[in-house]
Ligand code: C2E
Ligand code: MG
Ligand code: MG
């Protein structure tokens, strides 16, 4: 049969134009794309067979896809062509003629060959696009979505005005490098994958909920708001099998930032910024394992950044001041000591330590500040001694961040000795500790200070976890009982008092002096005296005082 050249050219153009817009071999518009050329070449059926195995297994695993159907096919008369497209893939196209139609002419068969060639090209292109998409949107190690996919998906939901149905969560697995060290990277990846798979079980079947890997042990997830609580609990700690036998399990925990997405969120980057911000607060700045993003958090983070940026210069400019809070002997109300407390004088404002010390503790910058304080206290004591004043013992707070510094004891001694201050005038306050590692460091430092005639005090006693061990095993000079024991709560009005009484009695029996912090009222004073505690520090006597005012207190001592 003769083919009209113009019609053929038009049909090919139409075919190419429509193929251009298809998303792949499974696009339902495939049929329409082939329609014109199909009817011109009298085609009844085009079948594609994809083999995912080497050629010699062709017949075993092939699966047929119908690309085009128009009328009844004569199953005996067909044109067949196959092409090996890679070491693992083979494709074959079978083109069937219409039943009862005269056979294809030689010219028509040549055109069919051109058509299949074009189908091969199209198929190759769509596979490359799929591969490119895979590389773009998937994490290659875990074979789950990546951050780019998360953003694409979130952008789609934003454009559909549906994003506020969702919560985003950015989490990172705690101490996962330890897991990798124990079981190896390969197993580590499997454990990570099992964790993600178990997390998926909390989702509905919808493809709109997902966990995407950002990199390393960092993930970002998107799910319906009603799943937020369950996900939070899961991330607080879930047991994952380490081996195939499911015998050994390991507890995986994560720090997580959540964002209950609001309508005002206009871009996917906003979402990522907000959850990762909440995550870094969870990881570094709080004891909480989960933190929710909100406006106050933003302010909080701003404050932190400001402190971190200003600190080095402020230290250099000596903007930090030592305030001295008197410690008082309750039998005669005499000054028997003082605690050095830090204040930051910044642009006519006095900033209290609660605003900057927790921030500095994140970066070990606190260590520099503690030594600055010790240095200034020693400088003051030296000056007072040189002026012939009567001087009391001053306690200096030492953050736990110093543990791990093997030169800590020497650094302290050098600072004190540099100013030629007799050791009896210095006391070091340390807070309770919770882990074994820091307990060992704490022990070393307390024994070391004792051996050099420097007193040590447990600060905020009763607020940590290991109080009794701590007191039994280390030779403290002083227990500073936390001010919370003076609080009277409505639910248990007597409980704190009973505990306070027993802590005082216990320390007396152990031969350790105790002092109560936060003594605010005459009633507190009376109660302490009744319980045989005669040392107190608190607003009832003095607030932390600037140096010149504290010097007046020292004057009174002499009188
Ligand atoms: P801390 O060492 O337990 O210090 C006692 C805190 O209780 C001080 O707060 C003090 O002002 C406050 N206080 C004293 N008497 C009363 C009272 O009667 N009622 C109440 N409500 N509070 C009272 P401040 O000065 O704000 O210091 C807070 C914390 O900051 C300190 O707690 C200490 O942990 C830390 N800090 C202060 N200066 C330094 C420093 O130079 N280095 C380190 N590492 N930490 C410091
Ligand atoms: Mg203290
Ligand atoms: Mg304290």
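Scan the stretch 348-376 residue by residue and report those that are free of Cβ contacts under 8 Å to residues at least 40 places away in the same chain, within 16 Å of ligand 3 (Cβ to nearest atom) and more than 27 Å from the chain's Cα centre (by Cα).
352, 370
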Counting only residues in the stretch 395-437 that are assigned to a strand (DSSP E or B) and at pLDDT below 95, the one surrounded by the fewest Cβ atoms within 10 Å (Cβ to Cβ) is identified as 431
Residue set 458, 471, 446; condition away from ligand 3 (no atom under 16 Å from the Cβ), within 30 Å of residue 408 (Cβ to Cβ) and in the same structural domain as residue 328 (by TED's automatic domain parsing); output residue 446
(1) touching a strand residue (DSSP E or B) at 6+ places or on another chain (Cβ under 7 Å); (2) closer than 23 Å to residue 446 by Cα all hold for residue 546 apart from (2)
Any residue in the stretch 378-394 that is in the same structural domain as residue 516 (by TED's automatic domain parsing), in a strand (DSSP E or B) and touching a residue at least 12 places away in the same chain (Cβ under 8 Å)?
yes
Residue hits (the stretch 328-363; closer than 15 Å to residue 554 by Cβ and near ligand 1 (Cβ under 10 Å from one of its atoms)) are 339, 340
Given the conditions (1) away from ligand 2 (no atom under 16 Å from the Cβ); (2) at pLDDT 90 or above; (3) within 20 Å of residue 498 (Cα to Cα), every one holds for residue 480 apart from (1)
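Per-residue answers, yes or no, for (1) surrounded by fewer than 13 Cβ atoms within 10 Å (Cβ to Cβ); (2) assigned to a strand (DSSP E or B); (3) within 47 Å of the chain's Cα centre (by Cα):
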site	(1), (2), (3)
10	no, no, no
14	no, no, no
26	yes, no, yes
35	no, no, no
38	no, no, no
45	no, yes, no
50	no, yes, yes
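Mind checking whether some residue in the stretch 239-251 is in contact (Cβ under 8 Å) with a residue 60 or more places away in the chain and not assigned by TED's automatic domain parsing to the domain that holds residue 543?
Yes, the stretch 239-251 has at least one match.
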Within the stretch 321-347, restricting to residues that are within 43 Å of the chain's Cα centre (by Cα) and away from ligand 2 (no atom under 16 Å from the Cβ), the one that is nearest to residue 456 (Cα to Cα) is 321
Scanning the stretch 482-502 residue by residue, those closer than 26 Å to residue 456 by Cβ and either more than 16 Å from ligand 1 (Cβ to nearest atom) or not assigned by TED's automatic domain parsing to the domain that holds residue 335 (or both) turn out to be 499, 501, 502
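The values are calculated or read from the model by the stated rules, or taken from the named source; none is laboratory data. All values reported here derive from a predicted model rather than from experimental measurement. In this analysis, Cβ positions are derived from the backbone assuming ideal geometry, glycine residues included, and neighbour counts consider all displayed protein chains.
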